[in-house]
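Trainee: Got a structure for you, questions after.
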């Protein structure tokens, strides 16, 4: 069921307000007797210095993700990391999670090779409340639903710590804001063709140009298609098409329309594996092969389709202020049919119980943001201010049916259930249909004030949230219907004091709060859970070189989260409870540098001490959270037109359970890359190059993480060779 008709009234209101934005601002300008000089931001800021533009190399200069204000990264009193398109290409990242492998405080490989959902953890918070993802500052999907290929993005920005003032209902670990590719004045074009192991094949294009002689209409088309084998006949493939059009109506008003279509007939797999077999051998002495993906490769499938359409209207007043109105409608539909692991415990002889299930999930999401941003002076203070409101309406539906544990499976014998046996299994042990309707409205104000060398960033926000949940159970222990509504509202805020020493060094001290309404019913079907609320203290420092090519950052943080809610699934039964308060303290160090014309570098170290403050496991560490992570990636020009890269990553040990009795070993991985400019070989190859990338070069076998006795294997060696041509 797709109740899209519920979004029609909200969509009509927002479309009408957009018309008023364009027409109203133009009429206001026409009636104003004082003629003001136009402010044309895009004409004065180089592309690699714009907050939403492309970046050459690994060092971004600007960002607006932290406060919805365009600020230099080196002067932003918050922890923000920017992964550029060049870094994504050089490292061969095929998912957003892969792209964050060298980002401090971020654990993107939580699910290892089970990469259909990017359940990314930051600063110790993940699992059910994995960090929220945004595209161009607006919500996309939810924490474990929705995935877009990184080919679509100019940059991926990570804002660490509570960010409710800018983004509303989000976990305190932080947010990921993915900035899409849109028409640019540079109008660079690129095509690429790639081959890799596992029969990987890819073709991509990124094309842009003018549609009229004056350049008032500019287009961009981002397209990608790839396919690879996972195990036997088990495939994964994707097609992405994303056109956009920018209309410069005047020197002050610009409208960009975007669309996206991503089709995945075979989206991959999302399975579980037992502790015995992943971390230790099974009872009959087997360690599961890293190439093992599915218990029924001829039957399992995940089919996913993502579509989105939106616009961005911006009007620049002549006094330095800008009015922005953004809106996007997104539809995600995913169907999964699979043979899964019923119990992580075997029968003592290495035989495990499997079950059959079918899951269908859909989401229709309307999100919008209207803001007024500008610079002004008052009482000797220089201000950069953003004031606005955002809106989110999301309808989600889930249909789920399953059997109990009905198949016996041995990793030694690999006695896969046959298609006839699977089709004969009656999925009537448990049947449910769940719908959730979320509506959130928030108003916010953020102001970056500077007085001499002192800076003060303050922000305040108020949110109203309503979630209506309907759960229908046709069979199983909870047969019947549960209906309940959560109504929550909260004020959140932030304050950050900084001092610029004038030599590139800026220390800061910040405090921020966040809240996150719970959108699940308790085990009795009631809406009894309190909103999860958090606060963070952060002491940090940033240093930037005079030319802006080296950015070093460091931060100490202390996050406390109250009313935390956890869900645990064992043998098909899920229980949910609130366990009181938890704490996460840590340190993060990060470097992005173009050290010289020959050397580029990205490095990080993070220490995260995340533990329970209350409950039965007081003092114990969170499960599936590595305490220590570190990495360094270096790109070196060995000769004219030839760049070699080497990366080293360390992920420390983690606990599999809340009782801290099962420890998952840490692991070390090696990545590498080589880029060769082909133009010296032939003038006709100008703009062409070959790029070779390898992740987990030594094909290390490791457990990426475990939750209780359910585990995931890390991704094995991934190698690709890509021919690119740019003009």
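Trainee: Taking residue 155 as the residue in question, decide whether it is under 25 Å from residue 692 (Cα atoms), crowded, with 24+ Cβ neighbours inside 10 Å and in contact with a strand residue (DSSP E or B) (Cβ under 7 Å, 6 or more places away or on another chain).
Mentor: Criteria met by residue 155.
Trainee: Moving on to the next point. Any residue at all in the range 158-170 that is in contact with a helix residue (DSSP H, G or I) (Cβ under 9 Å, 6 or more places away or on another chain) and either at pLDDT 95 or above or over 20 Å from residue 438 (Cβ atoms) (or both)?
Mentor: Filtering the range 158-170 down to residues in contact with a helix residue (DSSP H, G or I) (Cβ under 9 Å, 6 or more places away or on another chain) leaves 159, 170.
If we keep only those that are either at pLDDT 95 or above or over 20 Å from residue 438 (Cβ atoms) (or both) as well, we get 159.
Yes; the residues of the range 158-170 include at least one that is in contact with a helix residue (DSSP H, G or I) (Cβ under 9 Å, 6 or more places away or on another chain) and either at pLDDT 95 or above or over 20 Å from residue 438 (Cβ atoms) (or both).
Trainee: Inspect all residues belonging to the range 198-210 and state whether any of them is surrounded by fewer than 19 Cβ atoms within 10 Å (Cβ to Cβ), closer than 17 Å to residue 84 by Cα and at pLDDT below 95.
Mentor: No: zero hits.
Trainee: Would you check if residue 131 is more than 30 Å from residue 295 (Cα to Cα) and crowded, with 24+ Cβ neighbours inside 10 Å?
Mentor: On the way: more than 30 Å from residue 295 (Cα to Cα): no; crowded, with 24+ Cβ neighbours inside 10 Å: yes.
It is false that residue 131 is more than 30 Å from residue 295 (Cα to Cα) and crowded, with 24+ Cβ neighbours inside 10 Å.
Trainee: I would also like to ask the following. Residues of the range 528-545 being modelled with pLDDT under 95 and either in contact with a helix residue (DSSP H, G or I) (Cβ under 8 Å, 6 or more places away or on another chain) or surrounded by fewer than 17 Cβ atoms within 10 Å (Cβ to Cβ) (or both), which ones?
Mentor: Matches in the range 528-545: 528, 530, 532.
Trainee: Here's something else I'd like to know. Can you tell me which of 86, 98 is surrounded by fewer than 24 Cβ atoms within 10 Å (Cβ to Cβ) and in contact with a strand residue (DSSP E or B) (Cβ under 8 Å, 6 or more places away or on another chain)?
Mentor: Exactly one of 86, 98 is surrounded by fewer than 24 Cβ atoms within 10 Å (Cβ to Cβ) and in contact with a strand residue (DSSP E or B) (Cβ under 8 Å, 6 or more places away or on another chain), namely 98.
Trainee: Do we find that residue 344 is touching a residue at least 40 places away in the same chain (Cβ under 8 Å), outside any strand (DSSP E or B) and either under 28 Å from the mean Cα position of the chain (by Cα) or crowded, with 21+ Cβ neighbours inside 10 Å (or both) in this structure?
Mentor: yes
Trainee: Moving on. Could you please let me know if residue 74 is more than 20 Å from the chain's Cα centre (by Cα), modelled with pLDDT of 95 or more, farther than 17 Å from residue 181 by Cβ and surrounded by fewer than 23 Cβ atoms within 10 Å (Cβ to Cβ)?
Mentor: yes
Trainee: In the range 370-395, what residues are in a loop (DSSP other than H, G, I, E, B) and under 31 Å from the mean Cα position of the chain (by Cα)?
Mentor: none
Residues are listed down the side, and each one gets a yes or a no for (1) outside any strand (DSSP E or B); (2) at positive phi; (3) crowded, with 18+ Cβ neighbours inside 10 Å; (4) touching a residue at least 12 places away in the same chain (Cβ under 8 Å):
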| position | (1), (2), (3), (4) |
| --- | --- |
| 428 | yes, no, no, yes |
| 442 | no, no, yes, yes |
| 445 | no, no, no, yes |
| 448 | no, no, yes, yes |
| 455 | no, no, yes, yes |
| 460 | no, no, no, yes |
| 466 | no, no, no, yes |
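Trainee: Check 188, 136 and return the single one that is farther than 24 Å from residue 515 by Cα and surrounded by fewer than 23 Cβ atoms within 10 Å (Cβ to Cβ).
Mentor: Within the list 188, 136, the selection yields 188.
Trainee: When both residues are 6+ apart or on different chains and their Cβ atoms are under 8 Å apart, which pairs have a first residue that lies in the range 279-299 and is without any contact (Cβ under 8 Å) to a residue 60 or more places away in the chain, and a second that is part of a loop (DSSP other than H, G, I, E, B)?
Mentor: Sorted first by the residue in the range 279-299, then by its partner, the pairs are 281/287.
Trainee: Still on this structure, please answer the following. Out of all the residues in the range 378-411, which are surrounded by fewer than 16 Cβ atoms within 10 Å (Cβ to Cβ) and out of contact with any strand residue (DSSP E or B) (no Cβ under 7 Å at 6 or more places or on another chain)?
Mentor: 378, 379, listed by residue number.
Trainee: Would it be correct to say that residue 110 is part of a loop (DSSP other than H, G, I, E, B), modelled with pLDDT of 95 or more and in contact with a strand residue (DSSP E or B) (Cβ under 9 Å, 6 or more places away or on another chain)?
Mentor: No.
Trainee: Quick check on the range 223-241. Is at least one of its residues modelled with pLDDT of 95 or more and touching a helix residue (DSSP H, G or I) at 6+ places or on another chain (Cβ under 6 Å)?
Mentor: Taking every residue of the range 223-241 in turn, at least one turns out to be modelled with pLDDT of 95 or more and touching a helix residue (DSSP H, G or I) at 6+ places or on another chain (Cβ under 6 Å).
Trainee: Would you confirm, using the coordinates I've provided, whether residue 482 is under 30 Å from residue 365 (Cβ atoms), modelled with pLDDT of 90 or more and buried (at least 17 other Cβ atoms within 10 Å of the Cβ)? Steps first, answer last, please.
Mentor: Working: under 30 Å from residue 365 (Cβ atoms): yes; modelled with pLDDT of 90 or more: no; buried (at least 17 other Cβ atoms within 10 Å of the Cβ): yes.
Against the criterion (under 30 Å from residue 365 (Cβ atoms), modelled with pLDDT of 90 or more and buried (at least 17 other Cβ atoms within 10 Å of the Cβ)), residue 482 does not qualify.
Trainee: Residue 602 passes all but one of (1) under 19 Å from residue 557 (Cβ atoms); (2) at pLDDT 95 or above; which number fails?
Mentor: Exception for residue 602: condition (1).
Trainee: Still on this model: Going by the conditions given, is residue 364 closer than 18 Å to residue 400 by Cβ, assigned to a strand (DSSP E or B) and either within 23 Å of the chain's Cα centre (by Cα) or without any contact (Cβ under 8 Å) to a residue 24 or more places away in the chain (or both)?
Mentor: No: the conditions fail for residue 364.
Trainee: If residue 294 satisfies all but one of (1) at pLDDT 90 or above; (2) out of contact with any strand residue (DSSP E or B) (no Cβ under 6 Å at 6 or more places or on another chain), what's the number of the condition it fails?
Mentor: (2)
Trainee: Same structure again: So how many residues does the range 412-426 have that are touching a residue at least 12 places away in the same chain (Cβ under 8 Å) and either crowded, with 19+ Cβ neighbours inside 10 Å or part of a loop (DSSP other than H, G, I, E, B) (or both)?
Mentor: Residues meeting the conditions: 6.
Trainee: Condition check: modelled with pLDDT under 85, more than 15 Å from residue 161 (Cα to Cα), surrounded by fewer than 17 Cβ atoms within 10 Å (Cβ to Cβ) and touching a strand residue (DSSP E or B) at 6+ places or on another chain (Cβ under 9 Å). Does residue 569 satisfy that?
Mentor: Spelling it out, residue 569 is indeed modelled with pLDDT under 85, more than 15 Å from residue 161 (Cα to Cα), surrounded by fewer than 17 Cβ atoms within 10 Å (Cβ to Cβ) and touching a strand residue (DSSP E or B) at 6+ places or on another chain (Cβ under 9 Å).
The values are calculated or read from the model by the stated rules, or taken from the named source; none is laboratory data. If you're wondering where the values come from, they're calculated on a predicted model, not measured in any experiment. Virtual Cβ from ideal backbone geometry, glycine too; neighbours counted across all protein chains shown.
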